[in-house]
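Laboratory data are not the source of any read-out in this text; all were calculated from the coordinates shown. Computed from a predicted structure; not experimentally measured. Neighbour counts are summed over all protein chains in view; Cβ atoms, including those assigned to glycine, are modelled from backbone coordinates with ideal geometry.
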């Protein structure tokens, strides 16, 4: 759902931002072009994902015949016309955007000069000796940093501190735990059903299933169990008119009753063909049954089951294996295809062929074999009532959360003090943007995200309690960031670290000004290299080395991890002949350009259109 919402949003933004551009550039889609897309002639450049999905066959391939048939007959109904118009617009929008992208790509070509430069950067190799003194050799505490230093560095590097709108919060949770009174109330409610549960007709399987589903917080799912699986000998050997419970287990009260007992195999080996209505070729369940019955007749007449499964079964997991599900226990079969299919299989004989109706459609099934081990098993009907907090309990926790919020009084310091005093756990969520959909640890994050971006929510504002499932949340805004350059206050730690590094660099540069002992060796370094032996990533040092003359000792170079002095001892490559093949370098550079276009263009479009994202207000 979140993915779909994001896709819809991106589409709206794209169409809004580019509609005028399409018109100015004369980008459009003709009726003939649209017809070619629908018929599959121009599928690669015009078919949008939604239309492709709707008209894909069981192998995931676009079915042009089905698409043409739909659009040809769409005018017969109002609904068909609406769907066809919508899909045509989707295809047009997709095709226009493809043309626009293509136009940009064709305007960005890699020149021969660029290809030559890429070739040289790749093939020129240098060896050099070097010495390094690491910044970490000087303790940060020995470097004096003044406010003026910070202001000067920040002013010079402001553009490096571009930030997006975001918020930080701290929050506490109050988990709503059922009280002893809630447990007793649940037990009493379940006891009310005890006589009624005892009187249901065990011979009517549908009645048992419906009764359990109507009165239990867990839907009917009860395979036959052996005595080892039941783990309660009294229950396993009890008569069918005995009701056990209510007893408390795993957060719920439960009543149990044996309603079926039989000696049966542990597993069944079965294969099947699933016929499922698709609303088009197989319009409904009646038509699905007709096809299943026809397949059954063919199989009984000697047709190959496996081939029919491959050609007809919608259940592709097994279709390619001739419909084989393999040897499965009753529980596994229940999980996979439901009660109806499982019961029909285990009540059959080896070699039986039958049509089975389930919620998925109609199955043509063949019972190939049963496991040899047979044992007595029982099916136990169980009614569960989970113990849930009552209104009084919920109100008690709400009151605690509300009182905490009131006591905080929009003070971050007070929030921290109360967390410690009350023994609560402080949780933190940073960099929450307007487009953020989920805050870690909070299932329904939308109300909180909406709240932190309200006009009257500032740094230090504390929330009223939010209920999120089985807990109440009280949050406080601990930081506010707006789009643009971050103020020095927000990036002071980062700026301080850079100033310290710069001052260390100056100090080490003086120490290394006359260094002649260069004990380390780097070999086969090119301009596209990034790592310098074990000294880390050093782009500036490597670039200096590649463009330094042989045997020349450089001045101290302030790198990422320390200050370096180097001397190039060997240079290979660095020249290019007239007959050199530059095609690979040209193609690689072109691919990189295309990659950047695809990755960065949408953000550029949004920025150029000055799009403001207010989705958080409607979450």
### Query
Which angle from 0 to 90°, rounded to the nearest 10, does the C-alpha axis of helix 180-191 make with the longest principal axis of the chain?
30 degrees
#### Entry: Packing-based exposure ordering (other Cβ within 10 Å, fewest first) of 164, 106, 377
106, 164, 377
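So how much slack lies between residue 464 and residue 298, counting 0.36 nm per residue of separation and subtracting their Cα-Cα distance, in nm? Walk me through the intermediate numbers first.
Details: separation 166, 0.36 × 166 = 59.76 nm, distance 6.81 nm.
Length gained between residue 464 and residue 298: 52.9 nm.
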### Task
For the chain, find the longest principal axis of its Cα atoms and tell me its angle to the long axis of helix 112-123, 0 to 90°, nearest 10.
90 degrees
## Note on the structure
One finds, for residue 590 and residue 320 with R0 = 45 angstrom and r their Cβ-Cβ distance, a FRET efficiency to the nearest 0.05 of 0.65
### Message
Need the C-alpha centroid separation for the stretch 98-141 versus the stretch 224-293, integer Å.
### Response
64 Å
### Query
With axes computed from alpha carbons, what is the tilt in degrees of helix 64-73 against the longest principal axis of the chain, rounded to the nearest 10 within 0 to 90?
70 degrees
### Task
Would you calculate the separation in nanometres between label points at residue 86 and residue 228, each defined as 7 Å from the Cα along the Cα-to-beta-carbon direction?
5.4 nm
### Query
Suppose R0 equals 41 Å; then what is the FRET efficiency for residue 577 and residue 517 from their Cβ-Cβ distance, rounded to the nearest 0.05?
0.55
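Under the rule of -39500 (n - 2.57) per DSSP H run of 4 or more residues, summed and divided by the residues of the chain, what mean residue ellipticity at 222 nm is obtained, to the nearest 500 deg cm²/dmol?
Working: 24 runs with 279 residues, N = 619.
So the helix-based figure for the chain works out to -14000 deg cm²/dmol.
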### Query
Which number comes out as Rg/Rh for the stretch 432-485 once both Rg and the Kirkwood Rh are worked out on C-alpha atoms?
0.96
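Kindly put 229, 538 in sequence by how many other C-beta atoms sit within 10 Å of each C-beta, fewest to most.
Details: 229 13, 538 25.
Ascending number of Cβ neighbours within 10 Å: 229, 538.
Suppose a student asked you for the relative contact order of the stretch 180-264, using Cα pairs under 8 Å spaced at least 6 residues apart; what percent would you report?
On the way: 60 pairs, mean separation 23.5, N = 85.
Answer for the stretch 180-264 is 28 percent.
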### Message
Need one number: nm distance between label points at residue 307 and residue 201, each 7 Å from Cα along Cα→Cβ, rounded to one decimal.
### Response
4.7 nm
### Message
Less than 20 Å from a label point 7 Å out along the Cα-to-Cβ axis of residue 607: which backbone N atoms in the stretch 468-504 qualify, by residue?
### Response
481-487
### Summary
the stretch 312-354 scanned against label point 7 Å out from residue 221 along Cα→C-beta; backbone N under 17 Å for 329-343
### Query
Computed FRET efficiency, Cβ-Cβ of residue 32 and residue 76, R0 25 Å: what is it to the nearest 0.05?
0.60
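Among 199-208, 282-291, how do they line up from the highest to the lowest mean number of other beta-carbon atoms within 10 Å? Can you show the working numbers first?
Numbers: 199-208: 12.9, 282-291: 14.8.
Descending packing order for the listed peptides: 282-291, 199-208.
If a/c stays under 1.5 just call it rounded; otherwise compare a/b with b/c (prolate if a/b is bigger, oblate if not). Do that for the stretch 1-102, with a ≥ b ≥ c from the square roots of the Cα gyration tensor eigenvalues.
It comes out prolate by the Cα gyration axes.
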### Query
In nm, to one decimal, how far is the modelled label at residue 373 from the one at residue 417, with both set 7 Å along Cα→Cβ?
6.7 nm
### Query
Tell me, what is the percent relative contact order of the chain, built from C-alpha pairs under 8 Å that lie six or more residues apart?
24 percent
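Considering all alpha-carbon pairs of the chain, what whole percent are spaced by more than 31 angstrom? It would help to have the intermediate numbers written out before the result.
Working: 143899 of 191271 pairs.
Taking all Cα-Cα pairs of the chain, the fraction more than 31 Å apart is 75 percent.
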### Query
Regarding the stretch 267-372, what are the three Cα extents along the principal axes, ordered largest first, in Å?
42, 29, 23
### Query
If one computes the Cα centroid of the stretch 413-444 and of the stretch 587-619, what distance in Å separates the two points?
31 Å
### Query
Expressed in nm to one decimal, what extension gain is obtained for the pair residue 159 and residue 354 from 0.36 nm per residue of sequence separation less their Cα-Cα distance?
62.9 nm
### Task
Could you let me know the centre-to-centre spacing of the stretch 500-576 and the stretch 153-206, using Cα atoms, in angstrom?
58 Å
